[in-house]
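Student: My questions will all concern the structure given below.
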Amino acid sequence: MNPSWFRQPRLTAPVAGLHGRLFAASMLAFVGLFVVALAALVVADVGYVVADVGWANLGNFAAVLVSPEILAALWLSLWTSTTTVILGLVFAVPMGYALSRYRFPGRAVVDSVVDLPIILPPLVVGLSLLVFFQTGVGRWIESIGLEFAFQKKGIILCQLLVSTSFGIRAVKLTFDGIDPRFEHVAMTLGCTRAGAFFRVALPMAYRGIIVGGILIWTRALGIFGPLMVFVGAARMRTEVLPTTIYLEQSIGRIEVALAVAILMLVLTAVALVTIRVVGLGER
Amino acid sequence: MIRIERLNFTVADAAYKADTFALRNVSLHVRPGEYFVLLGPTGSGKTLLLECLCGLNHIDSGRVSIDGVDVTKLEPRSRRWGYVPQDYALFPHMTVRGNIGFSLAGAVAARVAEVMELVGVAHLADRFPQKLSGGEKQRVALARALAVGPRVLLLDEPVSALDEQTRDELCRQLKRLQQDTQTTTVHVCHNFTEMLSVADRVAVIDQGQILQVGTPREVLERPASTRIARFAQVGNLLSARAVADGTRLRLVCPGGIELRARIPESGEFEADVVAMIRPENIALTANVPENVPPEATILQGTVAELIELGPVVKVRVACGALEWLVSLGKREYTERNIRVGDRVHLVVAAENVHVMRSSPP
């Protein structure tokens, strides 16, 4: 998967005196602090679950975690977020390229509009979708068989609207970092503009596109607010893992809610590490 | 072959000194099979002009043609001119073989092997560009451009990023390759030595304008303006008042020094001129010189500074208020045992005094 030309550049280590070591230590201290803070939250969650359920009952508790409801929510979360990544990148790659390479009137406005879903509370996206499908255009879309409200398709629509901006931003930054001269040379070698994009710019943007995909996926997997408004929380139908956490804690089963959260964390961590190691060649 | 007629192009780019930079009314003719050099200081517009030739810049007005065919509106891919950019821009996700074969379809392997052999990069075929040295990258970029089978090869500062030894070697290789393949070549550079090692003809460009076109010798010895002379770091440039004196010009320089010079071929000259004398065209003697040409000027001065530059030594001689730069071969310098403070005589022959207008053209 990871081609040899994408190996991480070798970091050189200059001779470091006391100041250099102190500087490195202070930088790394921030990394440590952040990781420890997150780890403390996870440990607290695990501790709460173990204390509440008890060591002796952990086996029975695990059976709860693989109940049909939770497995259905897990499966729905995985396939919807993965579909969102694919659809999101279908938009993010051309949009990132266009915003990076072309100058057109109103470009600054468009650039800001792309960032809106990042800034807006996700709940607003759900509300806006609900309102939109009450309009003439929305009703027409539903009349041709594309129903989104309170449907699984609606989950993907919400995820797409909330998370694609992250992908666009990552891909645009990557194309910004690729000198257009590479494509220019490709054009002098017989490529059309599109040919130069597909044969040169796109392969060179490989890492950025993977990072964009990761950002879309993680954001899509975690959204909850717009789903509650636009698709509801129907068990076994429109229930994704964040919905499960909400439903479980609302009926007082805090330990199950926390266990699902831990499951989500583990799943996400495994997926991210795998993509980084296999896809980006990081260690 | 290539004809550029009244080309104008404006670009707003912070990379250039002003907010907007323009190529103004550029006209050039590059002959078939010629090694043509575009010479100019950094930011003079030479790369921009090369990009206009490739079709990478949409020009405002003017015409670019090749063999009489107008290519101004043709896309870069349709021109099929081999282009080697300054930083080589080798595709990092492809091996050397992939880079060279990029433009090819069909019988790729044979053509790639042929070009790699021609340029001497066959042993690098399976390496990625990141693993190549500067000189190797340059050769691969050249091979990639040649693989197209171009009618014209455009080289943008192809050796500027290399060390001196590699640069000399690659310049020789470029010249040999051009002579073997008879490919019309346009080479952009800012270095006079580099230009001299490859050019059949040269155009000097500055601030988006062509200042002079000619052979390297013409540009070096008969620069069209003081701008070119200064860029060529001639050394001895003197403001003077010119007076016609028979078949010669009498030049009255500051400090009362008088020089003789040929009247320009056009027969026209202004009262205020700049005289240029190349350091290697001034004779330096310790004793009063004998057998001096009748219209030569003899000056007396003191050696103020010696600048050793390997095979050449530059001697700075103070003659009253003026300082002259004289260039001597290392052997001549050693044999004469010249030292700072020595009293010397300088002989400036009329044939070696080049007269230019004092104002830029």
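The values are calculated or read from the model by the stated rules, or taken from the named source; none is laboratory data. Computed from a predicted model, the values in this text were never measured in an experiment. In this analysis, Cβ positions are derived from the backbone assuming ideal geometry, glycine residues included, and neighbour counts consider all displayed protein chains. SASA here: full protein model, heavy atoms, side chains in, ligands and nucleic acids out. Shrake-Rupley method; radii C 1.70, N 1.55, O 1.52, S 1.80 Å.
Student: So which pairs qualify, if the first residue must be in region A:177-200 and aliphatic (A, V, I, L, M), the second must be open to solvent by 50 Å² or more (accessible area, probe 1.4 Å) and in a helix (DSSP H, G or I), the Cβ gap must be under 7 Å, and the two must be at least 6 apart or on different chains?
Tutor: A:Ala186/A:Arg199; A:Met187/A:Arg193; A:Met187/B:Arg77
Student: In this structure, is B:Val64 more than 20 Å from the chain's Cα centre (by Cα), buried (at least 20 other Cβ atoms within 10 Å of the Cβ) and assigned to a strand (DSSP E or B)? Spell out how you get there, then give the answer.
Tutor: Values: more than 20 Å from the chain's Cα centre (by Cα): yes; buried (at least 20 other Cβ atoms within 10 Å of the Cβ): yes; assigned to a strand (DSSP E or B): yes.
Considered against the rule, which asks whether it is more than 20 Å from the chain's Cα centre (by Cα), buried (at least 20 other Cβ atoms within 10 Å of the Cβ) and assigned to a strand (DSSP E or B), B:Val64 comes out as yes.
Student: Quick one: which strands (runs of 3 or more DSSP E) lie wholly within region B:226-292 and hold at least 1 residues that are basic (Lys, Arg)? Break it down stepwise before answering.
Tutor: Details: elements: B:236-245, B:248-252, B:258-262, B:272-277, B:282-285.
The qualifying strands (runs of 3 or more DSSP E) are B:236-245, B:248-252, B:258-262.
Student: When you check B:Thr185 against the structure, is it hydroxyl-bearing (Ser, Thr, Tyr) and assigned to a helix (DSSP H, G or I), yes or no? Let's see the steps before the verdict.
Tutor: Numbers: hydroxyl-bearing (Ser, Thr, Tyr): yes; assigned to a helix (DSSP H, G or I): no.
Here the answer is no, as B:Thr185 does not meet what is asked.
Student: For B:His58, all conditions in the list (1) within 14 Å of chain A (Cβ to nearest Cβ); (2) surrounded by 14 or more Cβ atoms within 10 Å (Cβ to Cβ); (3) in a loop (DSSP other than H, G, I, E, B); (4) not aromatic (Phe, Trp, Tyr) hold save one; what is the number of the exception?
Tutor: (2)
Student: Out of the residues in region B:67-91 meeting the condition of being assigned to a loop (DSSP other than H, G, I, E, B) and basic (Lys, Arg), tell me which one is farthest from the other protein chains (Cβ to nearest Cβ).
Tutor: If we filter region B:67-91 for residues that are assigned to a loop (DSSP other than H, G, I, E, B), which is where we start, we get B:67-68, B:71-75, B:80-81, B:85-91.
From what is left, the residues that are basic (Lys, Arg) are B:73, B:80.
Values: B:Lys73: 15, B:Arg80: 7 Å.
If we take residues in region B:67-91 being assigned to a loop (DSSP other than H, G, I, E, B) and basic (Lys, Arg), then B:Lys73 is farthest from the other protein chains (Cβ to nearest Cβ).
Student: Taking region B:112-127 as the region of interest, how many residues are open to solvent by 40 Å² or more (accessible area, probe 1.4 Å), closer than 21 Å to A:Ala186 by Cα and more than 13 Å from chain A (Cβ to nearest Cβ)?
Tutor: Adding up the residues that qualify gives 2.
Student: Another one. Of everything in region B:307-324, what is open to solvent by less than 80 Å² (accessible area, probe 1.4 Å), of a type outside the set (Lys, Arg) and either part of a strand (DSSP E or B) or not assigned by TED's automatic domain parsing to the domain that holds B:Glu280 (or both)? Give them in sequence order.
Tutor: Across region B:307-324, the qualifying residues are B:Ile307, B:Val312, B:Val313, B:Val315, B:Val317, B:Ala318, B:Cys319, B:Leu322, B:Trp324.
Student: Among residues belonging to region B:86-104 that are out of contact with any Pro (no Cβ under 9 Å at 6 or more places or on another chain) and either touching a residue at least 60 places away in the same chain (Cβ under 8 Å) or open to solvent by 80 Å² or more (accessible area, probe 1.4 Å) (or both), point out the one that is farthest from B:Thr47 (Cα to Cα).
Tutor: As a first pass, look at region B:86-104 and keep what is out of contact with any Pro (no Cβ under 9 Å at 6 or more places or on another chain): B:87, B:89, B:97-98, B:100-104.
The next check asks that each one be either touching a residue at least 60 places away in the same chain (Cβ under 8 Å) or open to solvent by 80 Å² or more (accessible area, probe 1.4 Å) (or both); those that pass are B:87, B:97.
On the way: B:Asp87: 12, B:Arg97: 27 Å.
That would be B:Arg97.
Student: Quick one: count up the residues across region A:232-283 that are under 30 Å from A:Ala205 (Cα atoms), in a helix (DSSP H, G or I) and of a type outside the set (A, V, I, L, M, F, W, C).
Tutor: 4
Student: Do we find a residue being within 14 Å of chain A (Cβ to nearest Cβ), open to solvent by less than 80 Å² (accessible area, probe 1.4 Å) and under 17 Å from B:Thr185 (Cα atoms) anywhere in region B:36-48? Quick ask: steps written out before the conclusion?
Tutor: Within region B:36-48, the first condition is being within 14 Å of chain A (Cβ to nearest Cβ), and the residues that meet it are B:47-48.
Pick out the ones that are also open to solvent by less than 80 Å² (accessible area, probe 1.4 Å) and you get B:47-48.
After this cut, where a residue has to be under 17 Å from B:Thr185 (Cα atoms) as well, the list is B:47-48.
Yes - at least one qualifying residue is present in region B:36-48.
Student: Something else: Which of the residues spanning region A:193-203 are in contact with a His (Cβ under 9 Å, 6 or more places away or on another chain) and either more than 10 Å from chain B (Cβ to nearest Cβ) or open to solvent by 30 Å² or more (accessible area, probe 1.4 Å) (or both)?
Tutor: Of all residues in region A:193-203, those in contact with a His (Cβ under 9 Å, 6 or more places away or on another chain) come to A:196, A:200, A:203.
Matches in region A:193-203: A:Pro203 only.
Each row is one residue, and each column tells you yes or no for (1) assigned to a helix (DSSP H, G or I); (2) away from chain B (no Cβ under 14 Å); (3) crowded, with 20+ Cβ neighbours inside 10 Å.
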{"position": "A:Thr164", "(1), (2), (3)": "yes, yes, yes"}
{"position": "A:Leu173", "(1), (2), (3)": "yes, yes, no"}
{"position": "A:Met187", "(1), (2), (3)": "yes, no, yes"}
{"position": "A:Gly212", "(1), (2), (3)": "yes, yes, yes"}
{"position": "A:Arg219", "(1), (2), (3)": "yes, yes, yes"}
